[in-house]
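Down below is the structure, laid out as structure tokens.
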Amino acid sequence: MRDFLPEEAKFMKYIEGKARRTAQLYGYGEIITPVLESYELLATKAGEEIRVRMYAFKDLGGRKVALRPEFTASIARLVANVLRNEPKPLRMFCVGSLYRYDEPQQGRFREFWQSNYELMGSIKPEADTEIIMLTNSLMKAAGLKKSVFKVGHVGVLREILSQEKVEDEVQNGIMQLMDKKHYDDALRLVEKAAVSEKCLKTLRRLVKVRGGNVSEVLDKMEGYVEGYERAVDAVRNLREILEFVLDSEEEIDVTVEAGFARGLEYYTGMIFEVYAPEVSTALGGGGRYDKLIELFGGEPTPAVGVAHGIDRIMLAMQKQNTTLEREEEKTVAVIPTKEELKEEELKISRMLRSADISVEVEVMGRKVGKALEDADRRKIDYAIIVGEREMKEGAVVIRNLKRREQKIVKIENLIKIIKGQA
């Protein structure tokens, strides 16, 4: 868990602002859910990897609770209990901190931040497409020069195993291993489940299928799963989604990976992750989950969503030397030449802040020269020097710290000068 100093905090808030703006552009309304939830809620379909890493404990009422390790369970609870009669689709956005007991390493910490988007109520491939395009929009809005999408469909693997009558718990174990790319271990687990030779052969072929030629990879996948009717349907569903993405003329770099799985157990369809070449961990990921709302007592509700790691996006931006788009906001330091002019300093500061100008007043009792050095060091744009002689004329000295120029101006003209209107 980390402290963020002002520059890093500004970076994080910048990305958060882009995430909020992306939500607005796509019609997602912001919601706020608790950091603390019941353990049972968060553990449902979270996946063993996440369950063992949750910060879980008993509260003073003896209830087992946990810090949220992800957002989707909380949103599913909200939809099942509070929003069940709301018209569909529901488009919801939230942002905040999450907690998992991971081993700290680059891009992976025990407290981390995400922006989360959920689209609930649509089974159509257009909904899955929207979530991918939204993610691409955010990566571009943040200023990333390069990002790559890895896409798969958990339904392809699950439907093969289901047709072979492999139990859900065993399937979950197989998916966990595939998520970690432990394909040999996963296939040994499949073999132990007493599946057919055809099943083993199909899965061995699938885990090797990946590439950036979307149509070619999907053709291979569809050929390999022949005889598993619902798995064929899953490949065709993925084809529809990706055709929509590519036909939208969105500039997006997609790799399809047939053996791709994600750790969360609730996924039922298309899944994806987005990467930057300079960072080994995913910047975001998501997919379709059509059965989760029912688990919490809600109506059958198809859904698709994505979470983006705000601190991971920051890391990728730093690695790519991305420059933040800064609004043209001028900063000002107001410095009195003597103690008796403190009241005038505060009046001028209040006037400038009322005009939405960022102002710092001298509170250290420094001489003018030292105060100017400090303002210059901290890259403040203007220094206003409040002097006794100038104040008699209703004026002050304004110094442009970047140009090293100064002049005497009337106080009523300060705002126009600072905002570049005079």
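Selection over region 64-74 of residues that are of a type in the set (V, I, T) and without any contact (Cβ under 8 Å) to a residue 60 or more places away in the chain gives a count of 1.
Quick one: which strands (runs of 3 or more DSSP E) lie wholly within region 274-391 and hold at least 1 residues that are aromatic (F, W, Y)?
Here the list reads 382-386.
Evaluated against (1) closer than 14 Å to E344 by Cβ; (2) surrounded by 11 or more Cβ atoms within 10 Å (Cβ to Cβ), K392 falls short on exactly one condition, (2).
Taking the stated definitions as given, is V386 at pLDDT 95 or above, within 15 Å of K342 (Cα to Cα) and crowded, with 17+ Cβ neighbours inside 10 Å? In short, yes. Among the residues of region 400-422, those identified as over 17 Å from E344 (Cβ atoms) and charged (D, E, K, R) are K402, R403, R404, E405, K407, K416, K419.
Suppose we keep only residues that are closer than 29 Å to G29 by Cβ and in contact with a Phe, Trp or Tyr (Cβ under 6 Å, 6 or more places away or on another chain) within region 310-351. Which one would you say is surrounded by the fewest Cβ atoms within 10 Å (Cβ to Cβ)? Looking at residues that are closer than 29 Å to G29 by Cβ and in contact with a Phe, Trp or Tyr (Cβ under 6 Å, 6 or more places away or on another chain), I get L324.
Kindly check whether there is at least one residue in region 214-234 that is closer than 22 Å to L134 by Cα, more than 22 Å from the chain's Cα centre (by Cα), assigned by TED's automatic domain parsing to the domain that holds A76 and not small (G, A, S). Yes, region 214-234 contains at least one residue that is closer than 22 Å to L134 by Cα, more than 22 Å from the chain's Cα centre (by Cα), assigned by TED's automatic domain parsing to the domain that holds A76 and not small (G, A, S).
Consider region 23-35 and keep the residues that are in a helix (DSSP H, G or I) and in contact with a Leu (Cβ under 9 Å, 6 or more places away or on another chain). The one that is surrounded by the most Cβ atoms within 10 Å (Cβ to Cβ) is A23. Counting only residues that are modelled with pLDDT of 95 or more and farther than 16 Å from A127 by Cβ, region 79-93 holds 0 of them.
Taking strands (runs of 3 or more DSSP E) as the structural unit, those lying wholly within region 36-134 and holding at least 3 residues that are crowded, with 18+ Cβ neighbours inside 10 Å, within 19 Å of the chain's Cα centre (by Cα) and not β-branched (V, I, T) correspond to 90-99, 111-120. For region 60-79, a residue qualifies if it is closer than 15 Å to I31 by Cα and either in contact with a Phe, Trp or Tyr (Cβ under 6 Å, 6 or more places away or on another chain) or not assigned by TED's automatic domain parsing to the domain that holds I31 (or both), and the qualifying residues are A76, R77. Filter region 238-260 for residues that are acidic (D, E) and assigned to a strand (DSSP E or B) and give the result. The answer is E257, and nothing else. Would you be able to say whether some residue in region 353-360 is among the charged types (D, E, K, R), touching a Leu at 6+ places or on another chain (Cβ under 8 Å) and surrounded by 11 or more Cβ atoms within 10 Å (Cβ to Cβ)? So far as region 353-360 goes, no, none of its residues is among the charged types (D, E, K, R), touching a Leu at 6+ places or on another chain (Cβ under 8 Å) and surrounded by 11 or more Cβ atoms within 10 Å (Cβ to Cβ).
Condition check ((1) out of contact with any helix residue (DSSP H, G or I) (no Cβ under 6 Å at 6 or more places or on another chain); (2) in the same structural domain as M221 (by TED's automatic domain parsing)) across all residues:
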{"site": "T255", "(1), (2)": "yes, yes"}
{"site": "A261", "(1), (2)": "no, yes"}
{"site": "Y267", "(1), (2)": "no, yes"}
{"site": "A276", "(1), (2)": "no, yes"}
{"site": "A282", "(1), (2)": "yes, yes"}
{"site": "G287", "(1), (2)": "yes, yes"}
{"site": "P300", "(1), (2)": "no, yes"}
{"site": "V304", "(1), (2)": "no, yes"}
{"site": "E325", "(1), (2)": "yes, no"}
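For the subset of region 248-307 comprising residues that are of a type in the set (S, T, Y) and over 18 Å from N81 (Cβ atoms), which member is modelled with the lowest pLDDT? Taking the candidates together, the pick is S248. All conditions but one from (1) in contact with a Gly (Cβ under 8 Å, 6 or more places away or on another chain); (2) over 25 Å from G212 (Cα atoms) apply to G287; the one that does not is (2). Just the residues that are over 14 Å from A375 (Cβ atoms) and either assigned to a loop (DSSP other than H, G, I, E, B) or in contact (Cβ under 8 Å) with a residue 40 or more places away in the chain (or both), please, taken from region 404-417. Within region 404-417, I411, L414, I415 meet the criteria. Candidates in region 175-223 are the residues that are over 23 Å from V148 (Cα atoms) and in contact (Cβ under 8 Å) with a residue 24 or more places away in the chain; of these, the one that is surrounded by the most Cβ atoms within 10 Å (Cβ to Cβ) is L203.
The values are calculated or read from the model by the stated rules, or taken from the named source; none is laboratory data. On a predicted model such as this, the values are computed, not experimentally measured, just so you know. Cβ atoms come from the backbone with ideal geometry, glycine included; neighbour counts cover every protein chain shown.
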